[in-house]
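Okay, so here's the structure we're looking at.
The values are calculated or read from the model by the stated rules, or taken from the named source; none is laboratory data. Everything quoted here is computed from the prediction, not taken from an experiment. Positions of Cβ are backbone-derived with ideal geometry, glycine not excepted, and every protein chain shown enters the neighbour counts. Please note that ligands, DNA and RNA were not included when accessible areas were found on the heavy atoms of the full protein model with its side chains. Shrake-Rupley method; radii C 1.70, N 1.55, O 1.52, S 1.80 Å.
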Amino acid sequence: MAVSYKKLWKLLIDKDMKKKDLAAAAGISTYTISKMGKGENITTEVLGKICGALDCSLDDIMEFIPDEPKEAK
């Protein structure tokens, strides 16, 4: 199962924020923001900091993308 942070990037646009603004507001590194841009996993602690900084919930910033079902042989 993959993770998508597209909702977060849209939320930043709506709030007229840049990724570096989010890093500063949430107290997280730009490396973590970079990992999120690649769809990589980050800790729940970081997700909590982002939600606190943006006053939102996890559903507002991320979603799980189910893996494609494998074809039966």
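Brief remarks follow.
- A simple charge model with +1 on the Cβ of Lys and Arg, -1 on the Cβ of Asp and Glu and nothing else charged puts the dipole of the chain at about 300 debye relative to its Cα centre.
- Per residue solvent-accessible surface (Å²) - the chain, probe of 1.4 Å: 73 Å²
- Pairs exceeding a 22 Å alpha-carbon distance, out of LYS7/LYS35; LYS7/LYS70; LYS35/LYS70: LYS7/LYS70; LYS35/LYS70.
- Positive-end residue, the chain charge dipole about Cα centroid, Cβ charges, pick of ILE50, ALA23, LEU11: ALA23
- Kyte-Doolittle mean at least 1.6 and Cα axial length at least 30 Å: DSSP H helices in the chain: none
- GNM top mover of ILE28, ILE13, ILE50 - the chain, alpha-carbon springs below 10 Å: ILE13
- Relative contact order (%) - criterion: Cα under 8 Å, at least six apart; region: the chain: 51 percent
- Neighbourhood charge, 14 Å Cβ-Cβ cut-off, centred on ALA24 and excluding it, Lys, Arg +1 and Asp, Glu -1: +4
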